Amino acid sequence: MAETKKERYRRIRGAILKLLAHQHPAPLDFKEVHFLLDDLGFTIREEELRSHLCYLKEKGFVKFDKRRSGGIEIEMVRITADGLNVLDGFTNDIGIDARF
């Protein structure tokens, strides 16, 4: 059965979060995310990646940083604690168990 557009979008966003979580707490360069997604078989245009990242940012799952290196501005993407909680299945709690 063919994958619907919505299912594909959800899988791409999940892949983005997993890539960023693997690098956590460090960020990834926007272009690195793009290349890594391509390596995973999610070949998308740069504009589509920006759309997915904007969605994840609006949800509070990623944040952007800008760095300057040799006069070039590099856009970095980092997963937030809320993004990690989504991957861990803690969407309805704060991701902390203080019972011990």
Check: Which lysines does Lys66 reach when only Cα atoms under 27 Å apart count, and residues fewer than 8 places away in its own chain are ignored?
Finding: Lys18, Lys31, Lys57
Notebook entry, point to check: Using every alpha carbon pair in the stretch 34-79, what percent of pairs falls into each 10 Å bin from 0 up to the bin containing the largest distance?
Noted result: 24, 47, 28, 1
Check: Dividing the Cα radius of gyration by the Kirkwood radius, what Rg/Rh value follows for the chain?
Finding: 1.02
Next item on the list: Would you compute, from DSSP H runs of 4+ residues alone, the mean residue ellipticity of the chain at 222 nm, taking -39500 (n - 2.57) per run and dividing by the full residue count, rounded to the nearest 500?
Entry: -15500 deg cm²/dmol
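FYI, it's all coordinate maths here, none of it is from the lab. This is a predicted model, so every value here is computed, not measured.
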